[in-house]
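Trainee: I am attaching a structure below and will ask some questions about it afterwards.
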Amino acid sequence: MGCLQVVTTMCMGWTKGPESFVVAGMARWEGRPKTPPLSWENAGQEAVLSPTTWLEEMDLAAEGLAGLQDAEQQDAAAGANDLARVREVLLQHAGALQMLFLLYTCEASTPIDAIHRMTLPQFKAMLQAAKVTSNTLPPDKLDELLAAVQNSQGALTRKGHTQSNTSGFDLADFIVALVHVAHTRFAAESFFTGPSNTLLSTKLLSMLQDCIFVHLFPELQRRVDKLRSSMTPAAQALLRKGRRLTEQVLERCQIKRVRSRVLQVDMRYVAKHLQRWGLLGKEFTLPELAPVIIFAKQLSTDPYRFMLHYQPLALDYDEFEKLLLGLAFLQARVRKRLDTFDEVLGELLDNVYKKAGVLLEQSDHQP
């Protein structure tokens with residue numbers, strides 16, 4: 001009888017008024033999940049590294065950055081200190097740069113499998129939006145610059161000592177390329193003033209402050225800030241109600257089910273499931289999904305406070321829950337139903353739970 005009561009409430013849907021919400025919200029998915037939990041395969045040990053380890057350990061000299069330092073800097077110690085400062089600047093802003101990397105890779109025409117790699121046109125588009133490129137630093141100059149980045153000894157070491165034929169470049173290439181661009185930009189702008197002893201770290205910080213921060217950060221924050229309105233008390237209560245179902249959905253997004261200390265599912269796998277569930281490509285596009293991913297991954301909406309995450313990006317239970325919350329907010333805004341956002345969230349969760357096979361119809365349980 002208890003189970004029939006739940007199903008009846010779900011079929012009735014949402015009614016108006018705060019009193020009705022409490023009844024429907026608390027009855028929704030009562031006693032669920034009915035599906036058995038997934039069985040785990042090989043339970044192995046997981047090595048836990050910091051998301052910043054790769055950048056902390058990157059050999060900047062092997063990546064070709066030592067060659068960018070001005071010849072007048074004869075002191076080896078000074079050169080090493082300058083490269084150390086370059087690393088500090090990159091680490092300080094790596095979280096925001098990673099999110100910009102995601103934002104510009106997620107074009108409407110980008111295949112889901114490619115959202116962790118940036119193409120040269122996408123890189124040029126970002127630099128143009130940041131007003132880095134100019135008459136003295138034309139976009140064509142970037143072609144040879146990127147070729148040098150990808151063929152450096154450091155890049156070849158990272159990629160197994162072979163030149164990569166894969167289209168585009170990864171986050172590490174992107175980070176190194178920005179330093180090259182900062183050097184080239186400064187050299188182009190100071191062409192008529194003669195040789196300069198300006199430190200490479202100063203050139204990098206100058207480009208970030210004058211271009212990236214000024215022209216890209218405000219729009220990035222605006223797009224993520226919009227999603228904060230989704231975090232209503234009623235929405236939070238509904239998410240708590242469906243939490244175990246949400247966890248089972250994420251578990252089913254894995255390609256291979258392996259026990260780990262903390263479940264992290266590659267965003268590309270999640271995106272493919274969003275596509276199968278009739279959301280990505282129908283309800284919203286990949287460029288619209290990108291800010292929601294950022295909203296899910298970051299605790300703050302301020303790019304200066306963004307944290308660097310493991311790359312390729314992956315979602316844990318909390319982040320996946322936040323992703324669904326943000327997607328429901330997108331739906332409510334498009335459908336002009338922001339005044340009934342909690343209903344839209346409930347409908348989206350119902351749809352996802354059913355499409356993922358963790359919430360079965362009542363008829364599936366009857367003998």
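The values are calculated or read from the model by the stated rules, or taken from the named source; none is laboratory data. The structure displayed is predicted, hence computed values, not measured ones. Cβ placement follows ideal geometry from the backbone for every residue including glycine, while neighbour counts extend to all protein chains displayed. SASA here: full protein model, heavy atoms, side chains in, ligands and nucleic acids out. Shrake-Rupley method; radii C 1.70, N 1.55, O 1.52, S 1.80 Å.
Trainee: Enumerate by residue number the GluC sites (Glu not before Pro) in segment 44-138 meeting two conditions: DSSP loop (anything except H, G, I, E, B), and at most 12 other Cβ atoms within 10 Å of the site's Cβ.
Mentor: Those that pass, being in a loop and sparsely packed, are Glu46, Glu72.
Trainee: Give the peptides 209-221, 91-103 in descending order of average Cβ contacts within 10 Å, highest first.
Mentor: Averaged packing, sorted descending, gives the order 91-103, 209-221.
Trainee: Next up: On a full-extension model of 0.36 nm per residue, what is the gain between Gln311 and Asp113, subtracting their alpha-carbon distance, rounded to one decimal in nm?
Mentor: Gain on extension, Gln311 to Asp113, equals 69.9 nm.
Trainee: Taking amide H positions as placed in the peptide plane 1.01 Å from N, state which residues far from Ala314 in sequence (5 or more) or on other chains have amide H under 5 Å from it.
Mentor: Met267
Trainee: Moving on. Given a cut-off of 29 Å, name the pairs among Lys241/Lys336; Lys141/Lys322; Lys226/Lys256 whose C-alpha atoms lie farther apart than that in the structure shown.
Mentor: Correct reply: Lys141/Lys322; Lys226/Lys256.
Trainee: Rounded to two decimals, what ratio of Rg to Rh does segment 52-93 give with C-alpha atoms and a Kirkwood Rh?
Mentor: Reported Rg/Rh, Kirkwood definition of Rh: 0.98.
Trainee: With θ taken as phi - 60° and the coefficients 6.51, -1.76 and 1.60, list the Karplus ³J(HN,Hα) couplings across segment 308-325 in order, rounded to whole Hz; mark glycine and proline as x.
Mentor: Per residue, the Karplus-derived 3J(HN,Hα) values read 6, 10, 4, 10, x, 5, 9, 10, 9, 4, 5, 5, 5, 4, 5, 4, 4, 4 Hz.
Trainee: By how many nm would the segment from Ala237 to His215 grow when fully extended, if each residue of separation counts as 0.36 nm and the alpha-carbon distance is taken off?
Mentor: Full extension of this stretch gives 4.2 nm more.
Trainee: Per-residue HN-Hα couplings for segment 86-92, Karplus 6.51 cos²θ - 1.76 cosθ + 1.60 at θ = phi - 60°, whole Hz, x for Gly and Pro?
Mentor: 4, 4, 4, 5, 5, 5, 5
Trainee: Calculate what fraction, in whole %, of the accessible area of segment 47-179 sits on carbon and sulfur atoms when a 1.4 Å probe is rolled over the protein chains.
Mentor: 52 percent
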